[in-house]
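Read through the structure below, which is laid out as structure tokens, and then see the notes.
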Amino acid sequence: MAANIHPYLTYQYKDVKQLEKEISKQKKLTKALLNFQEHLIFVTDHEDIIEFNQAFCNFTGISKGQTQLPKLKYLSSFLVEDANYFYPIDKRRWFEEIIETGKNSVNMHWISINNEEIFFNLEYEPIPGSNQYLCVCKDITNLENENRENRQLFLMDSLTYSINQLEMNAILEVEMRRAERLNQPFSMIIMDIDFFKHVNERFGEQAGDKVLSTISIIVQQRIRESDIFVRWGGEEFILLTPGTDGNGAKELAESIRSIIEEFHFVNIDTITCSFGISVFSKGKPKEELILEANQALFFSKDKGRNCVTLYN
């Protein structure tokens with residue numbers, strides 16, 4: 001004999017089932033809306049990423065089934081260190097450091113699982129009644145590429161197509177911080193065109209400009225893509241060489257010196273350059289690094305020019 005069920009309990013049971021159906025329906029709708037978005041969307045509780053959309057999966061290669069992967073920490077591996085964008089001091093705390101900026105959005109330089117460089121504007125908002133944050137990453141790559149091109153034109157020396165002095169300090173700080181964090185060597189080479197004033201006086205400023213642009217081409221064809229070439233002054237250049245110790249920098253400088261000495265400058269006598277090299281060590285400020293390179297350059301000039309000196 002079936003037990004009698006109070007009508008109120010029957011109705012209450014139906015109400016709960018109906019509520020569960022509505023909640024399930026809402027979750028499916030929310031999930032569909034999230035997956036429809038082109039922006040990367042994820043929810044984090046500071047410890048990990050607990051929900052994310054299909055765009056996030058496509059960018060990171062993370063699937064819904066990878067429950068054991070620490071996604072928040074893993075996401076930091078896609079960050080690119082760039083002086084013009086947010087980059088954390090401690091990558092393990094990257095999201096906390098964003099919150100500590102006091103801003104609700106930051107621009108970031110990332111590289112996808114497919115090795116594609118993408119720039120995002122990451123916005124976040126706390127979710128009421130929880131310790132969670134909703135994060136939306138909008139792709140601003142096209143806009144940033146246009147801005148970077150304009151910035152590069154502004155910060156590039158128009159004669160030698162090398163980086164100008166305005167940009168050098170920011171780049172130097174990034175490279176020193178990277179060398180310190182990765183415990184890698186890093187050297188600075190200062191080069192100066194010998195008796196350049198005489199070139200201008202004897203052959204004219206147009207000939208002098210041609211010497212500057214030609215030397216820039218020689219150097220930029222000799223160095224690696226990772227090396228950074230800067231016009232530091234009138235006839236003075238700086239070469240930053242990440243991952244290169246003093247001996248490697250000296251070898252590079254010597255090869256550039258030799259190429260310039262042997263190059264035939266049309267209607268001009270032989271041109272030579274003097275070089276000074278300093279090596280970064282942990283804790284050394286950039287001012288000291290530049291000073292040591294300048295002192296080494298002075299030693300090269302004092303020895304008769306057209307030579308390379310490594311500061312020690």
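Tell me which of ALA249, ILE62, ILE111 sits at the most positive position along the dipole axis of the chain, charges placed on C-beta atoms (Lys, Arg +1; Asp, Glu -1).
ILE62
Using only the alpha-carbon atoms, how far is helix 246-262 inclined from the longest principal axis of the chain? Give it as 0 to 90 degrees, nearest 10.
Here the helix axis deviates by roughly 50 degrees.
When only C-alpha pairs under 8 Å and at least 6 residues apart count, what is the relative contact order of the chain, in percent?
Reported relative contact order: 12 percent.
Distance between Cα centroids, segment 190-241 to segment 118-182: provide it in whole Å.
If we compute the Cα centre of each part, the gap is 28 Å.
Nearest 20 debye, what's the magnitude of the dipole of segment 163-312 about its Cα centre given +1 on Lys and Arg Cβ and -1 on Asp and Glu Cβ?
280
Modelled label-to-label distance, PHE195 and LYS91, 7 Å Cα→beta-carbon offset: nm?
5.1
Where does each of 286-292, 182-188 land if you order them by average Cβ count within 10 Å, highest first?
182-188, 286-292
Using a 1.4 Å probe over the heavy atoms of the protein chains, calculate the carbon and sulfur portion of the accessible area of the chain as a whole percent.
That share works out to 51 percent.
Take the Cα pairs of segment 192-312, get the Kirkwood Rh, then feed it into Stokes-Einstein at 25 °C and 0.890 mPa s and tell me D in µm²/s.
Diffusion coefficient, whole number: 165 µm²/s.
Per residue of the chain, what 222 nm ellipticity follows from adding -39500 (n - 2.57) for every DSSP H run with n ≥ 4, rounded to the nearest 500?
Mean residue ellipticity at 222 nm (helix-derived): -14500 deg cm²/dmol.
Where does each of ASP45, ASP302 land when they are ordered by accessible area, with a 1.4 Å probe and the largest first?
The residues order as ASP302, ASP45, largest area first.
Please identify every one of the trypsin sites (Lys or Arg not before Pro) in segment 130-228 that sits in a loop by DSSP and has no more than 15 other beta carbons within 10 Å of its own beta carbon.
For trypsin sites (Lys or Arg not before Pro) across segment 130-228 that sit outside H, G, I, E and B with at most 15 neighbouring Cβ atoms in 10 Å, the list reads ARG224.
If you take the alpha carbon radius of gyration of the chain and divide it by 2.2 N^0.38 Å, what ratio comes out, to two decimals?
In units of the 2.2 N^0.38 Å rule of thumb, it is 1.49.
Hey, got a sec? Which GluC sites (Glu not before Pro) in segment 39-136 land in a DSSP loop and have at most 14 other Cβ atoms within 10 Å?
Filter output for segment 39-136: GLU47, GLU81, GLU116.
Can you work out the accessible area per residue across the chain, with the rest of the protein chains kept in place, probe 1.4 Å, in square angstrom?
Per residue, the chain has an accessible area of 59 Å².
Would you kindly find the accessible area of THR214, with a 1.4 Å probe and non-protein molecules such as ligands, DNA and RNA excluded, rounding to the nearest 10 Å²?
Its accessible surface works out to 20 Å², give or take rounding.
Compute the convex hull volume of the Cα atoms of segment 62-154, divide it by the residue count, and report the result per residue in Å³ as a whole number.
Taking only Cα atoms, segment 62-154 has a hull volume of 125 Å³ per residue.
Return the loop-located chymotrypsin sites (Phe, Trp or Tyr not before Pro) in segment 252-307 (DSSP other than H, G, I, E, B) with at most 16 other Cβ atoms within 10 Å of their own Cβ; answer none if there are none.
Hits after loop and neighbour filter: PHE263, PHE265.
In Å, what Rg and Dmax follow from the Cα atoms of segment 122-235?
21.1, 78
Could you give the dipole magnitude of the chain about its Cα centre, charging the beta-carbon of Lys and Arg +1 and that of Asp and Glu -1, in debye to the nearest 20?
Computed about the Cα centre, the dipole is about 1200 debye.
The values are calculated or read from the model by the stated rules, or taken from the named source; none is laboratory data. Please read all numbers here as calculations on a predicted model, not as lab measurements. No Cβ is skipped: glycine too gets one built from the backbone with ideal geometry, and neighbour counts run over all protein chains shown. Remember, those area values only see protein heavy atoms, side chains included, never the ligands or the DNA or RNA. Shrake-Rupley method; radii C 1.70, N 1.55, O 1.52, S 1.80 Å.
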